[in-house]
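Contents: one structure, followed by commentary.
What follows is calculated from the coordinates using simple rules that are stated; it is not laboratory data. Since this is a predicted model, take the numbers as computed values, not measurements. With ideal geometry, Cβ positions are generated from the backbone for all residues, glycine too; neighbour counts draw on all protein chains shown.
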Amino acid sequence: MTALRVVAGLAIVFVASYAAAQSGADRRRSGYQDMGEALQKMQDDDTANPGMLFVQLGSQAWSKPAGAADKSCADCHGAAASMKGAAVRYPAIPKGADVPMDLEGRINLCRTENQKAERLPPESRELLALEAYVAHQSRGMPVAPPVDPRLGAFRDQGAEIYRRRQGQLNLSCAICHDDNAGKKLAGVTIPEAHPTGYPIYRLEWQGLGSLKRRLRNCLVGIRAEAYAYDAPEYVMLELFLMDRARGMTFEAPGVRP
Amino acid sequence: MANVLVNAPKTAKRGAVVEIKALILHPMETGFRSGTNGQFIPRNIVERFTATWNDAEIFSMDMSPAISANPFVSFFAVAAESGTIRLRWTGDQDFAVEEQVAIAVE
């Protein structure tokens, strides 16, 4: 009798925890999952993913000395494998600084401070290639923003921008990417806006582009004025988006339509 | 430096059909667009792609301005003998890139 009750009790516990696990399942979708099979295959095949051409360019730039210091990235960092985990952690606050920086900002900091070279311009081929090469080292890792209380205020500002209506169309990011994700905007599926594949090779651009470029496209799309390339708003938005994508698989260089 | 990604099998059975895929970094500038100064950006495309297997041509194609940047080509060949597959892209502004891969046929 008691034994039977124990078994019944265990069965109920099992059913309850199974149900909890099901409803707690991660329902977040990367933009990858919203693409057709052909594009997914293109991203997955390292000899068909055009982003890999830029990873290749980045590996060449990695060991090329630059600046007055005449040092290459490899001179200080060794093999690029040392960069594993960097891209899934950024934006972060570098040592000695007090504001967060995105990955390309961090790379440019090494250009100016460590190589004594000019900053690489935004969306320039060399900067994107270096970023793709560094980001590629983290492919397959979970997105893991750092635990740094100083980031909180910046991330909150990012969340505020994300929910703020703006532009002539008076839309917020959240209206499209939270409330209407998965639905169609013209012929395009609205993704959930996870920054897991950046820099991406976008077919429409016929080239590699940064998350900034993607965000500028969305801002122009709602007829808002895009922030200047060096505006802190992009880093704030990225902090928010990376936190929202925490634990999702990093897939750079992604392919997007 | 050439930026090319080639995907071809390293070994194949004699008589088997193998797929060869090649991707190259190239702007494929059409010549029909104008730049910020209002002037046309000069055409800069890959005009021709050829592949040889031990110096015998196995595939070739002409490219046009309608082909996207960073063109990707995939084609098939019958594995007859071990040797070298040589891929060659030529085009505007003296563009010429060659890449080769070895294949063992048994």
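Just a few scattered comments:
- Counting Lys and Arg as +1 and Asp and Glu as -1 over every other residue whose Cβ lies under 15 Å from the Cβ of A:Val220, the net charge comes to +2.
- Residues in the range B:69-106 that a label on B:Ala16 would reach, taking backbone N under 17 Å of a point 7 Å out along Cα→Cβ: B:75-85, B:102-106
- Hypothetical label at B:Glu98: residues of the range B:62-88 whose amide nitrogen lies under 17 Å (7 Å Cα-Cβ projection): B:83-88
- Net charge of neighbours whose Cβ lies under 12 Å from the Cβ of A:Val55, counting Lys and Arg as +1 and Asp and Glu as -1: -1
- Test item: Cα-centred dipole of the range A:29-257, Lys/Arg +1 and Asp/Glu -1 on Cβ, debye: 180
- Qualifying GluC sites (Glu not before Pro) for the range B:1-87 [loop in DSSP, other Cβ within 10 Å: at most 15]: B:Glu81
- For chain A, with +1 on Lys and Arg beta carbons and -1 on Asp and Glu, the positive-most of A:Ala25, A:Gly221, A:Tyr198 along the dipole: A:Ala25
- For chain B, the residue among B:Ser74, B:Phe40, B:Ala102 whose Cα projects farthest onto the positive side of the dipole built from Cβ charges is B:Ser74.
- Inter-part distance where the range B:1-73 and the range A:76-153 are each reduced to a Cα centre, Å: 33
- Distance from the alpha carbon centroid of the range A:185-210 to that of the range A:213-245 works out to 13 angstrom.
- In terms of distances greater than 25 angstrom between alpha carbons, the cross-link table entries A:Lys41/A:Lys64; A:Lys212/B:Lys21; A:Lys41/B:Lys21; A:Lys41/A:Lys184; A:Lys64/A:Lys116; A:Lys184/A:Lys212 yield A:Lys41/A:Lys64; A:Lys212/B:Lys21.
- Residue by residue along A:47-54, Cβ atoms of other protein chains within 10 Å of the local Cβ number 5 on average.
- Nearest-ten-degree value, helix A:125-136 long axis tilted from longest Cα axis of chain A: 40
- For chain A, built as a Gaussian network whose Cα springs stay under 10 Å, the top-fluctuating residue of A:Glu204, A:Glu192, A:Glu37: A:Glu204
- Taking 13 Å as the straight-line reach from the Cα of A:Lys95, the aspartates and glutamates in range (excluding those fewer than 8 positions away in the same chain) are A:Glu113, A:Asp148.
- Listed residues A:His177, A:Ala81, A:Leu241: farthest to the positive end of the dipole of chain A (Cβ charges): A:His177
- Under 11 Å, Cβ to Cβ, from A:Gly207 - net charge with Lys/Arg +1 and Asp/Glu -1: +1
- Computed over chain A with a Gaussian network model linking Cα atoms closer than 10 Å, the most mobile of A:Ala81, A:Ala186, A:Ala231 is A:Ala186.
- Charge dipole (Cα centre; +1 on Lys/Arg Cβ, -1 on Asp/Glu Cβ; no other charges) of chain B amounts to roughly 260 debye.
- Between A:Ser138, A:Ser124, A:Ser30, the Gaussian network model of chain A with springs among Cα atoms under 10 angstrom shows the greatest mean-square fluctuation at A:Ser124.
- Peptide-level mean, for B:64-76, of C-beta atoms on other protein chains within 10 Å: 2
- Computed from point charges on the beta carbon alone (+1 for Lys and Arg, -1 for Asp and Glu), the dipole magnitude for the range B:51-98 about its Cα centre is near 160 Debye.
- For the range A:29-257, averaging the sequence separation of C-alpha pairs within contact (under 8 Å, six or more residues apart) and dividing by the residue count gives a relative contact order of 29 percent.
- Peptides A:237-246, A:56-65 ordered by average Cβ neighbours within 10 Å, highest first: A:237-246, A:56-65
- Aspartates and glutamates with Cα under 19 Å of B:Lys13, excluding same-chain neighbours fewer than 8 positions away: B:Glu81, B:Glu106
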